[in-house]
1. So, in Å, what gap is there between the alpha-carbon centers of the stretch 45-80 and the stretch 327-401?
2. What translational diffusion coefficient, in µm²/s and rounded to a whole number, does the Stokes-Einstein relation yield for the stretch 108-211 at 37 °C and a viscosity of 0.692 mPa s, taking the hydrodynamic radius as the Kirkwood radius over Cα pairs?
3. What does the charge dipole of the stretch 338-390 about its Cα centre add up to, to the nearest 20 debye, if the Cβ of each Lys and Arg holds +1 and the Cβ of each Asp and Glu holds -1?
4. Pairs Lys67/Lys340; Lys274/Lys340; Lys174/Lys340; Lys140/Lys176: which exceed 19 Å Cα-Cα?
5. Enumerate the residues in the stretch 173-194 having an amide nitrogen under 13 Å from the point lying 7 Å beyond the Cα of Lys140 toward its Cβ.
6. Which listed residue (Leu265, Thr306, Leu321) has the Cα farthest towards the positive end of the charge dipole for the stretch 249-344, taking +1 on Lys and Arg C-beta and -1 on Asp and Glu C-beta about the Cα centre?
7. Indicate the gyration tensor shape class of the stretch 154-305 (rounded, prolate or oblate), computed on the Cα atoms with a ≥ b ≥ c the square roots of the eigenvalues: a/c under 1.5 is rounded; otherwise a/b larger than b/c is prolate and the rest oblate.
8. Could you tell me which residue out of Gly149, Pro291, Gly138 lies farthest along the dipole of the chain toward its positive end? Charges go on the beta carbon: Lys and Arg +1, Asp and Glu -1, centred on the Cα centre.
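The values are calculated or read from the model by the stated rules, or taken from the named source; none is laboratory data. On a predicted model such as this, the values are computed, not experimentally measured, just so you know. Glycine gets a Cβ as well: all are built from the backbone with ideal geometry, and neighbour counts include every protein chain shown. The area values use the complete protein model at the heavy-atom level, side chains included, leaving out ligands, DNA and RNA. Shrake-Rupley method; radii C 1.70, N 1.55, O 1.52, S 1.80 Å.
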Amino acid sequence: MTQTVPSSSHAFRQLDTGALRASGGPDTNGDSRASAAASANPEQRFDVVVIGGGQAGLSVGHYLARKGLRFVILEGSARVGDGWRHRWDSLRLFSPARFDGLTGMRFPAPPRYFPTKDEMADFLEAYAAKFELPVRTGVKVEELTRANGHYVVRAGERLYLADHVVVAAASYQKPKIPHFAADLDSSIHQIHALGYRRPSQLKAGVALVVGAGNSGAEIASELSRTHQVWLAGRHPGHIPIEHGSVLAYYVVLPILFRLVFHRLLSVDTPIGRKALPSFISHGTPLIRLRPKNLDRAGILRVPSVTGVQRGLPMLEDGRLLNVDNIVWCTGFQPGLDWIKLPVFDASGRIDQYRGVVAHEPGLYVAGLAFQYSASSGMIHGTARDAERLANTIEERIRVRP
């Protein structure tokens, strides 16, 4: 199901570090003048500190820049866009280029083209350069606290002080793997989807993909060309229209993205509140693949893996599978334990409404899964949330005595 990329199918130009320097944008190797200045002065003050330089953080930065606020975007990776670059090689976006741009810059490709993950990464890098957003790369935040009426962001020996902080770190920070994985036979090669790049990473033989959501189905489909594959997990449902078809592009996707995900499924609607737990725990229905595609690829679908017996994975129906490899597509932990503030609810999610954190005036989140609506964690949904946060921050700064 992976589409072949035509050699001249679109006008996207991959920007290297030199091109970004020439454009006047941030130096993406982490050694920018701003970073050097930060090293010389270990404590710096800003109106706003944005933590995370992905699409959500850059969108917030774009609106903050419009308002003339003094802010900085801290990105832990070496380059803007590395969150996309470090995913598996064949990954392509589910949304066509028409829906993949950010405020002020459309994605430079034909509207119906499905970008690769590297093209999306380069687009984010180009976006930061075009708008000269103050991104400091290679700055990994280790702690967020509050002291003397200010938020304190610590990254190594450097401290960033601000009255307002936006946590725009992605929801997939740390792999989530069942505890019983440690009991599997040592001969079974295990890898999480976060570390998976290509089939050659696996041993010869049988591969078990645990988790039947979009990532699991896509990886299982790719592995089926080189391995016998079992796909374990509950079927999350699927979109009943051929992905990439004319009908999908002109009818289904506009309704799905602009109406269903953006407006109907939100925390302010009964149907959205009912759907939220499923979106958080199981993700969206299959988009590119359908059960018939998996069947045609020879993938054997089985129930969920619930434990281990005699060193082998055990299914919920009691069967044991003799496999050589396991790819865990079992989701992620938020990885936000560096936030040393009482902001988490009983479920472990940040207690917030439309990005504004409860009981912490000055703290915000952006880009979290179902932060406000189903589109909050999607590229096309970042602008609405980002603009609202920037407006809120500006209002609070203006009224503060």
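1. For the stretch 45-80 versus the stretch 327-401, the Cα centre distance is 14 Å.
2. On the way: Rh = 18.7 Å.
Taking Rh from Cα pairs, D becomes 176 µm²/s.
3. Working: 5 positive and 5 negative charges, 12 e Å.
Dipole about the Cα centre, nearest 20: 60 debye.
4. Numbers: Lys67/Lys340 29 Å; Lys274/Lys340 30 Å; Lys174/Lys340 17 Å; Lys140/Lys176 21 Å.
Where the Cα-Cα span goes over 19 Å, the pairs concerned are Lys67/Lys340; Lys274/Lys340; Lys140/Lys176.
5. 174
6. Leu265
7. On the way: a/c = 2.02, a/b = 1.12, b/c = 1.80.
Verdict is oblate for the stretch 154-305.
8. Towards the positive end, the residue furthest out is Pro291.
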